[in-house]
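What follows is one structure encoded as structure tokens, with my remarks underneath.
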There are 2 protein chains.
Amino acid sequence: MAKAGTKKPKTIIVSLGGNVIIRREESGTIDEQFRNTELACRYIASLVDQGHRIIITHGNGPVVGNILIRNEAAGGEIPPMPLYICDADSEGGLGFMIQQALHNEFVKTHNIKDAVTIVTQVVVDAKDPAFKDPTKPIGPFYTKEQSERLTLEKNWVMLEDSGRGWRRNVASPRPVKIIEADIIKTLIKNNVIVIAAGGGGVPVTEDPDGTLAGIDAVIDKDFSTATLATQLGAELFINLTQIECAYLDFGKGRQKAINKMTVKEAHGYLAEDHFKAGSMRPKIEAAVEFVEGSKNKNASVIITTPELIEEAMEGRAGTRVVK
Amino acid sequence: MAKAGTKKPKTIIVSLGGNVIIRREESGTIDEQFRNTELACRYIASLVDQGHRIIITHGNGPVVGNILIRNEAAGGEIPPMPLYICDADSEGGLGFMIQQALHNEFVKTHNIKDAVTIVTQVVVDAKDPAFKDPTKPIGPFYTKEQSERLTLEKNWVMLEDSGRGWRRNVASPRPVKIIEADIIKTLIKNNVIVIAAGGGGVPVTEDPDGTLAGIDAVIDKDFSTATLATQLGAELFINLTQIECAYLDFGKGRQKAINKMTVKEAHGYLAEDHFKAGSMRPKIEAAVEFVEGSKNKNASVIITTPELIEEAMEGRAGTRVVK
């Protein structure tokens, strides 16, 4: 059994699922968002109390979806913003909420630390094959007629989404590097808790000379987190979601919880298609990427819910992926 | 004549007016915003080249106005966000644009420095008299009937705005302190250029125990910048706007440019009502506040356009406010 609960301070990157902030059954009012965020931050604050250096990333799916709906709703009146600006906006709003919830948790425990959100640019390759095959549905649902008009007017790739209407599909390219990684390193060295790469970060392309430009895409926050974890030399990547752990044969009668697996075992399970696409699968893929890429032989990933962090750190809950 | 162009590195806080980013004659497309921001960043980058430690603040008036219009337009469909979340969103989007424009300017001059946006919370006093008398118009224009409904439904203070319709008015309280000032200090000490307190920062109240909570208000970015400049111990506060300098008798036939004034002279001019409310007046008031409050006897403020920074540093343009 992994003895993770030792007292040596670690650099830990914690990723909050977008569905941890706006739950599937909710409409996403600000009160709901704050309540969910505060709950998650309570468990994250206890990691801070234990002396670990903490970086927090988060999803933004439901939030950036709403920002896109608002952009379209007012599109006749004022210029809509491109998707990458909507991403940056969501880093501001969600980051504010997380840094404030953390601060308020520190107030309760009388252990005040600085926490701050960094607007984060994530480089993607303009030649990533994802740009030729956009498969990530975002924003509002449209009728077939609206959808055809949008393809003509805006050159959007529109695809029918499970009988509910037509949606814009964008590319979900792999992250190459995080521009602000050195700044984040400086901050964690100075005992600041950093919130970064929200929503997977703002996707940018980088010219050979280093010039950056925003590009309309959505980067999976699990992969951005793995990339950032690697650049920071993190020891542990905790991926928080609504599901307690990963399962073999998920959703089938015989599903079986995975408490621990090596990257080699994970490769096997991925090949056997045990995990749900767009849900647990990218989490396992990102875990494998981080653990394999890390120079630290003890690098590992935990996948669990906010409530089970403590138990999972001790190997009694969640799923741990190791070398 | 002030000899400001000396080579000793200074801590300089530069404030970009919202109207420098979206000009009055523009609708605010992302291309217009980027072009204006890149132009301003060219001049700011030359201050970085000279070795100064730079913090950038900015307005968000036209941008947060558009975010509010989008929120209202989609209000029947998805939950609108409170004003303080819209403020935080605008810190993300505008901050991203400024940090990228700066980075790209550094690429051009082959002097790469790190630049980053910090989501910033600014404490205001819940007992600030501004909350009893909301006078800052924001967001869309409404008809009288819509306006009466909004007062009933949302308890908004609605006021008729110069014959163009009815608008929501919110409080514009004075900033008390910047929560993230120490983090910003750490970053500038480490040669990072920091973008902070965008749109005046996200207004929050602070309970006696230190618990923070967002509050719907708009903090004037000139005053937030003065507060941040004081907390950082900045030597110089450069306030960039669309007007070259302050004038005595502004807008009258006999208007006269002010090249330099002491805070004592500034008090006199303010009493004689030489400056336009909501435009130059808060800039002069914020200048006086910073220069008077600073422990540094050489602390000063320059008010000018981005294009004239260099000349203004040498005393040949703009308006300088000194002890």
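Taking the stretch B:1-75, which GluC sites (Glu not before Pro) meet the DSSP loop condition and have no more than 16 other C-beta atoms within 10 Å? Mind dumping the intermediate values first?
Details: sites: B:25, B:26, B:32, B:38, B:72; in loops: B:25, B:26.
Those that pass, being in a loop and sparsely packed, are B:25, B:26.
Rank-order A:273-283, B:117-127 by packing density, defined as the average count of other C-beta atoms within 10 Å over each peptide's residues, highest first.
Numbers: A:273-283: 17.5, B:117-127: 23.5.
By packing density, highest mean first, the sequence is B:117-127, A:273-283.
Between chain A and chain B, roughly 4300 Å² of accessible surface gets buried, counting both sides and using a 1.4 Å probe.
Considering only alpha-carbon pairs that sit under 8 angstrom and 6 or more positions apart, the relative contact order computed for the stretch B:245-323 is 37 percent.
With a threshold of 24 Å on the Cα-Cα distance, the over-threshold entries among A:154/A:177; A:154/B:221; A:185/A:297 are A:154/A:177; A:154/B:221.
Is the C-alpha gyration tensor of chain B telling us rounded, prolate or oblate? Criteria: a/c under 1.5 is rounded; beyond that, a/b larger than b/c is prolate, otherwise oblate.
prolate
How much area per residue is accessible in the protein assembly as shown when the probe is 1.4 Å and only protein heavy atoms are counted (Å²)? Show your work: numbers first, answer last.
Details: 26420 Å² over 646 residues.
With the other protein chains kept in place, the protein assembly as shown gives 41 Å² per residue.
Using alpha carbon centroids, what distance separates the stretch A:285-310 and the stretch A:262-281, in Å? Each part's Cα centre sits 14 Å from the other's.
I'd like the mean, over residues of A:107-113, of how many other protein chain beta carbons sit within 10 Å of each residue's own Cβ. All intermediate terms of the calculation are to be shown ahead of the outcome.
Values: counts 6, 3, 0, 2, 0, 1, 0.
Counting other chains' Cβ atoms within 10 Å and averaging over A:107-113 gives 2.
Burial annotation for the stretch A:169-187: residues with an accessible-area loss of at least 10 Å² between the isolated chain and the complete set of protein chains, computed on heavy atoms with a 1.4 Å probe, are A:179, A:180, A:182, A:183, A:186, A:187. Ranked from shortest, the separations from the 7 Å Cα-to-Cβ label point of residue B:135 to its equivalents in the other copies are 5.9 nm. Take residue A:23, move 7 Å from Cα toward the beta carbon, and the resulting point lies 5.1 nm from the same point in each other copy, nearest first.
Note on chain A: GNM, Cα springs under 10 Å; of A:287, A:213, A:234, the largest mean-square fluctuation is that of A:213.
What is the stretch A:259-323 by shape, rounded, prolate or oblate, if you read a ≥ b ≥ c off the alpha carbon gyration tensor as root eigenvalues and call it rounded for a/c under 1.5, prolate for a/b larger than b/c, and oblate otherwise?
oblate
Charging the Cβ of each Asp and Glu at -1 and of each Lys and Arg at +1, and nothing else, the dipole of chain A about its Cα centre rounds to 1200 debye. Provide the FRET efficiency to the nearest 0.05 for the residue A:148-residue B:8 pair, computing r from the beta carbons and using R0 = 51 Å. Calculated transfer efficiency: 0.20. Charge dipole of the protein assembly as shown (Cα centre as origin; +1 on each Lys and Arg Cβ, -1 on each Asp and Glu Cβ, all else neutral): 1580 debye, rounded to the nearest 20. In chain A, the beta carbon lying closest to the axis that superposes A onto B belongs to the residue given here with its whole-angstrom distance, A:92, 1. For the set B:35, B:23, A:24, B:320, solvent exposure ranked by accessible area (probe 1.4 Å, protein chains only) runs largest to smallest as A:24, B:35, B:23, B:320.
Which shape class applies to the protein assembly as shown: rounded if a/c is under 1.5, otherwise prolate when a/b exceeds b/c and oblate if not, where a ≥ b ≥ c are the square roots of the Cα gyration tensor eigenvalues?
On the way: a/c = 1.83, a/b = 1.53, b/c = 1.20.
It comes out prolate by the Cα gyration axes.
Give the carbon-plus-sulfur fraction of the accessible surface of the protein assembly as shown in %, rounded to a whole number; probe 1.4 Å, heavy atoms of protein chains only.
Numbers: 13140 of 26420 Å².
The computed percentage sits at 50.
Peptide A:115-126 has a mean shielding of 5, counted as Cβ atoms of other protein chains within 10 Å of each residue's Cβ.
Across peptide B:81-87, how many C-beta atoms of other chains are within 10 Å of each residue C-beta, on average? Walk me through the numbers on the way to the answer.
Numbers: counts 9, 3, 0, 5, 10, 3, 3.
The shielding value for this peptide is 5.
What you get for the stretch B:23-112, charging only the Cβ of Lys and Arg (+1) and of Asp and Glu (-1), is a dipole of about 320 debye around the Cα centre. When the charge dipole of the stretch A:84-169 is built from unit charges on Cβ atoms (+1 for Lys and Arg, -1 for Asp and Glu) and taken about the Cα centre, the candidate among A:146, A:93, A:104 whose Cα reaches farthest toward its positive end is A:146.
The values are calculated or read from the model by the stated rules, or taken from the named source; none is laboratory data. Note that the coordinates shown come from a computational prediction; the quantities given were computed from them, not determined experimentally. Here the Cβ is made from the backbone with ideal geometry for all residues, glycine too, and neighbour counts use every protein chain on show. The accessibility values were calculated without ligands, DNA or RNA, using every heavy atom of the protein model including side chains. Shrake-Rupley method; radii C 1.70, N 1.55, O 1.52, S 1.80 Å.
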